[in-house]
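Here is the structure we will look at.
The values are calculated or read from the model by the stated rules, or taken from the named source; none is laboratory data. What you are looking at is a predicted structure, and each value in this text was computed from that prediction instead of being measured. Here Cβ is always computed from backbone atoms with ideal geometry, including for glycine, and neighbour counts include all displayed protein chains. Each accessible area value is taken on the protein alone, full model and side chains, heavy atoms only, with ligands, DNA and RNA left out. Shrake-Rupley method; radii C 1.70, N 1.55, O 1.52, S 1.80 Å.
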Amino acid sequence: MVNIRTLAAFVAAGVVLSTALAPGPRGILIIGHRGASGHRPEHTIESYTLAIEMGADVIEPDLVSTKDGVLIARHENEIGGTTDVADKFPARKTTKQVDGQAMSGWFTEDFTLAEIKTLRARERLAFRSHDFDGKFLVPTFEEIVELAARKSAEVGRPIATYPETKHPTYFRGIGLPLEERLVALLEKHHLTTKTDPVFIQSFEPSSLQRLRPQIGVRLMQLLDEGADASPARLAEIARYADGIGPNKRLVVPAAPDGHLLPATHLVEDAHGAGLFVHVWTMRSEAQFLSASYGGDPAKEYEQFRALGVDGLFTDFPDVAARAVRSAKKD
Ligand code: G3P
Ligand code: CA
């Protein structure tokens, strides 16, 4: 097994992990959102590997639990949309309440890891390539940590992971808590301090507040559009977290027709509260990109770089790396 301590070699060689951030070009962290999910089915080893090879500094797995308590990478516990589970386990379809919503499908908590490993990933979005459907496995978080360590040694720069606890209250309620298992796994791999290459994120403050006394790694509070991002709320977040992950529309709002409006003061307010800012999610396709950028996704990266964000989640780490690196030459 490749141990994360291999990163000690980089420190010895002068590649230092900042106490605030593992710096990317110009200090902006490029975070491969679900890997390079614009190019490969999300949350697969192949998607994360491609993200790193395209220039990502960090790879982002969303975490849910199997029936036997193993943390695996899926955006939600319902896996009918991103795997071939419906073909392989048709009789296991069920309906349940998750975070107050009735959901029908196939749920990770009803499958053992051995069963999950019989599945193959599928692309979620109809307009993205389906060439890789049926080819890739669903990875465990431990496999992703080991990949990051292995690729760090291979590419000669530290690669961090950015796990997100998904539905943490729900999983705790069914006897499959995420936080303790996440801490145990990070401790096993000696990822326990603010200078280690890992960040933990969650939309649920209680998940981060539970983690804070258990582990010293950097914690990030996710904020969706419409969330309270006032200076008072930021001061509250700074008591248990190190940064915020705002929906990019909290930094650059848009009109109902999608055209952009003037930027808010959130980046400077967060920095004033001692919090880093990692925005999400950059996507190149016309279905996602504001018309204000005239079809050029590089302009979006340039705008957020100029606004002073510390990192960005992107489905296209190749586009991000080109945009940020060309800005560096200016
Ligand atoms: O974690 C950053 C961003 O990924 C949050 O949204 O829904 O893609 O996990 P989601
Ligand atoms: Ca996420």
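Worth pointing out:
- Residue in region 187-199 that is more than 20 Å from Val267 (Cα to Cα) and either modelled with pLDDT under 95 or within 16 Å of the chain's Cα centre (by Cα) (or both) present: yes
- Residues in region 152-168 that are in contact with an Asp or Glu (Cβ under 6 Å, 6 or more places away or on another chain) and either modelled with pLDDT under 95 or assigned to a helix (DSSP H, G or I) (or both): Pro168 only.
- In the condition set (1) farther than 19 Å from Leu147 by Cβ; (2) touching a Phe, Trp or Tyr at 6+ places or on another chain (Cβ under 9 Å); (3) more than 16 Å from ligand 1 (Cβ to nearest atom), Pro205 is compliant with all but (3).
- Pairing residues of region 210-239 that are of a type in the set (S, T, N, Q) with residues that are surrounded by fewer than 16 Cβ atoms within 10 Å (Cβ to Cβ), at Cβ distances under 7 Å and at least 6 apart in sequence or on separate chains, gives Gln221/Pro205.
- Residue in region 286-306 that is open to solvent by 30 Å² or more (accessible area, probe 1.4 Å), closer than 21 Å to Arg34 by Cβ and out of contact with any strand residue (DSSP E or B) (no Cβ under 9 Å at 6 or more places or on another chain) present: yes
- For region 227-241, the condition holds for at least one residue, the condition being that it is touching a Leu at 6+ places or on another chain (Cβ under 6 Å), farther than 23 Å from Ala51 by Cα and within 16 Å of ligand 2 (Cβ to nearest atom).
- Of all residues in region 247-289, those satisfying the criterion of being out of contact with any Phe, Trp or Tyr (no Cβ under 9 Å at 6 or more places or on another chain) and under 19 Å from Asp318 (Cα atoms) are Ala286, Phe288, Leu289.
- Listed by first and then second residue, the pairs linking a residue in region 285-300 that is in contact (Cβ under 8 Å) with a residue 24 or more places away in the chain and of a type in the set (A, V, I, L, M, F, W, C) to a residue that is open to solvent by less than 70 Å² (accessible area, probe 1.4 Å) and assigned to a loop (DSSP other than H, G, I, E, B), with Cβ atoms under 8 Å apart and 6 or more places separating them unless they lie on different chains, are Ala291/Gly258.
- Those strands (runs of 3 or more DSSP E) of region 1-117 in which at least 3 residues are open to solvent by 10 Å² or more (accessible area, probe 1.4 Å), of a type outside the set (A, V, I, L, M, F, W, C) and at pLDDT 95 or above, considering only elements entirely within it, cover 94-98.
- Subset tally (residues that are within 21 Å of the chain's Cα centre (by Cα) and either aliphatic (A, V, I, L, M) or buried (at least 21 other Cβ atoms within 10 Å of the Cβ) (or both)) for region 123-139: 4
- Tabulated pairs, region 51-66, first over 30 Å from Ile174 (Cα atoms) and in contact (Cβ under 8 Å) with a residue 24 or more places away in the chain, second within 14 Å of ligand 2 (Cβ to nearest atom) and in a strand (DSSP E or B), C-beta under 6 angstrom, 6+ apart or interchain: Ala51/Gly32; Ala51/Ile59; Ala56/Gly32; Val58/Ile31
- Inclusion of Ala149 among residues that are more than 16 Å from ligand 2 (Cβ to nearest atom), modelled with pLDDT of 95 or more, open to solvent by 40 Å² or more (accessible area, probe 1.4 Å) and in contact with a helix residue (DSSP H, G or I) (Cβ under 7 Å, 6 or more places away or on another chain) is not warranted.
- Those residues of region 231-247 which are among the acidic types (Asp, Glu) and either over 11 Å from Pro205 (Cα atoms) or within 16 Å of ligand 1 (Cβ to nearest atom) (or both), in sequence order: Asp242
- Residue in region 301-315 that is part of a loop (DSSP other than H, G, I, E, B), in contact with a Gly (Cβ under 8 Å, 6 or more places away or on another chain) and of a type outside the set (A, V, I, L, M) present: yes
- Single residue of region 37-85 satisfying the filter (farther than 18 Å from Glu146 by Cβ and small (Gly, Ala, Ser)) that is nearest to ligand 2 (Cβ to nearest atom): Ser37
- Long-range neighbours under 9 Å by Cβ, at least six apart or interchain, first residue in contact (Cβ under 8 Å) with a residue 12 or more places away in the chain within region 259-275, second surrounded by fewer than 17 Cβ atoms within 10 Å (Cβ to Cβ) and hydroxyl-bearing (Ser, Thr, Tyr): His259/Ser292; Leu260/Ser292; Leu260/Tyr293; Asp269/Ser230
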